[in-house]
Amino acid sequence: MPVYNASKYLNEAIDSILMQSYKDFELIVINDGFKDNSLDILLSYENKDKRIKVINQKNQGVLKTRLELIIIQMVNTLYL
């Protein structure tokens, strides 16, 4: 999930992923330079859930995956 100044959407977007019935996933969030409190929110989730990884480098998310399926989610997308 690429994130840039998205604190307004982060909780709802991440919670919608965590509430899915499929639990064997890894959520990689790429820090694209924060000027709001997005990083604080992300680090809080990362500390609570081992499936969440925060990467502080552009264009590195896909290279860090370990699973067979990759889904790219924008921060303003919710899963029901």
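For segment 18-66, a residue qualifies if it is in a helix (DSSP H, G or I) and modelled with pLDDT under 80, and the qualifying residues are Val62, Leu63, Lys64. Please determine, by comparing only the residues of segment 16-45 that are acidic (Asp, Glu) and in contact with a Leu (Cβ under 9 Å, 6 or more places away or on another chain), which one is surrounded by the fewest Cβ atoms within 10 Å (Cβ to Cβ). Among residues in segment 16-45 that are acidic (Asp, Glu) and in contact with a Leu (Cβ under 9 Å, 6 or more places away or on another chain), the one surrounded by the fewest Cβ atoms within 10 Å (Cβ to Cβ) is Asp24. Residues that are in contact (Cβ under 8 Å) with a residue 60 or more places away in the chain and of a type in the set (Ser, Thr, Tyr) do not occur anywhere in segment 39-50. When segment 1-17 is filtered for residues that are part of a helix (DSSP H, G or I) and small (Gly, Ala, Ser), the ones remaining, listed by number, are Ser7, Ala13, Ser16.
The values are calculated or read from the model by the stated rules, or taken from the named source; none is laboratory data. Small disclaimer: the values here were computed from a predicted structure and weren't measured. All Cβ positions, even for glycine, are placed from backbone atoms using ideal geometry, and neighbour counts span all protein chains on display.
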